[in-house]
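The values are calculated or read from the model by the stated rules, or taken from the named source; none is laboratory data. Model, not experiment: these values are computed from the prediction. Here the Cβ positions follow ideal geometry from the backbone for every residue, glycine too, while neighbour counts run over all protein chains shown.
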Amino acid sequence: MGKVYATLTNLALVALLTTAASRAAAVETTSENFVVSATAIQGTSGTTPRMNFFGVSTVNCISYAGKATAAGTGSIADANATWKQDQFNGTNGYYYVELDSGVTADVVRTDAATKTLSLNNQSVSLTAGNAYRVRKHLTIADIFGKNNEAGLQAGPNSSQADNVLLQVPQTQQVLTFFYSNVPGFTGWYSDTYVAAGGVVVYPGIGLMVRSKSGRGGIVYLAGAAKEGPTLAPVYPGYNLLGTLKSQRSLKLSELNLYTGDPTTGVAAGPNSATGDILILLHPDGTSATYFYSNVTGFTGWYDTTYTASANVLVAPSSVFFLQRKAPRLAFYWTIPAE
């Protein structure tokens, strides 16, 4: 069972963000660790909604695995493939390819005749012999239950129901979802009443739940532990991230966020006002801010009281905000392997 996390009630950043949004034979050689977790969603003890934060620490099991048989850019050609037309796209749902390097890309077309997968990332380049795996994306309905098995408070609209909040770092928006109990229209919807059960939650992204009643709920997840590295984009502004870890905590110094190059990792600085910052959300509802110091003799992770913090732990299923300060550009964070 995963760790149960408490909530934040007064983090100014959350208020800011909320306001902003109002089988091929190859499969037989692939083994995975199956894990189960349970995360408590705390209800409010008063009239003020209570914020919950957690990270998804599992991924869906491999749907297909193989090796490319020809070089390709933005696509994968596998002469040994046995998939069906559009098996990994369209009405069958949303799937992505992951490579040993940690690169992922969404599948936009599965062509049975040419045995080719077309990807949404044209920078993905493979040569013959490169291994790949196909997984189905997790969605809002997968995580919280198609029929609201997590037990959140349902309602006729997002104002009366509990809210699932998903931050979009590319636009700095926060999307709001709720479970509708309106007869004939039960299910997950956005606050603009668009069906939302199929909304994708990408690997490494954190989630927020705004509880408006005292009932709370529990999110049960069962899937594969994400082994191997994963590349996750970090955009200018705020990014709500998790470590994808299901079994172990990571020290700040183990996160691979600082690379020494501000174009490929967090930018260092003499203080938190200058460098990129990491805001770690604690189970007791508090938070702490960290930055990577470049002061001679005092390099490394520090908090805002200038206490050395390299050994601070980020627990499985916990999340943190990473603020990438403008005008710095986006970079890919290599999430450490399990």
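Structural remarks
So that you can scan it fast, the table gives a plain yes or no per residue for (1) crowded, with 21+ Cβ neighbours inside 10 Å; (2) in a strand (DSSP E or B); (3) among the small types (Gly, Ala, Ser):
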position	(1), (2), (3)
143	no, no, no
147	no, no, no
151	no, no, yes
159	no, no, yes
166	yes, yes, no
171	no, no, no
182	no, no, no
189	yes, yes, no
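- None of 266, 295 is assigned to a loop (DSSP other than H, G, I, E, B) and buried (at least 20 other Cβ atoms within 10 Å of the Cβ) except 266.
- From the list 228, 214, the lone residue that is surrounded by fewer than 18 Cβ atoms within 10 Å (Cβ to Cβ) and either farther than 30 Å from residue 299 by Cβ or aliphatic (A, V, I, L, M) (or both) is 214.
- When 222, 273, 268, 196 are checked against the criterion of being modelled with pLDDT under 95 and either among the hydrophobic types (A, V, I, L, M, F, W, C) or out of contact with any helix residue (DSSP H, G or I) (no Cβ under 9 Å at 6 or more places or on another chain) (or both), a single residue qualifies: 222.
- Test: residue 254 is charged (D, E, K, R), touching a Pro at 6+ places or on another chain (Cβ under 7 Å), surrounded by 14 or more Cβ atoms within 10 Å (Cβ to Cβ) and within 23 Å of residue 58 (Cβ to Cβ): yes
- Residue within region 13-31 that is aliphatic (A, V, I, L, M), at pLDDT 50 or above and under 21 Å from the mean Cα position of the chain (by Cα) present: no
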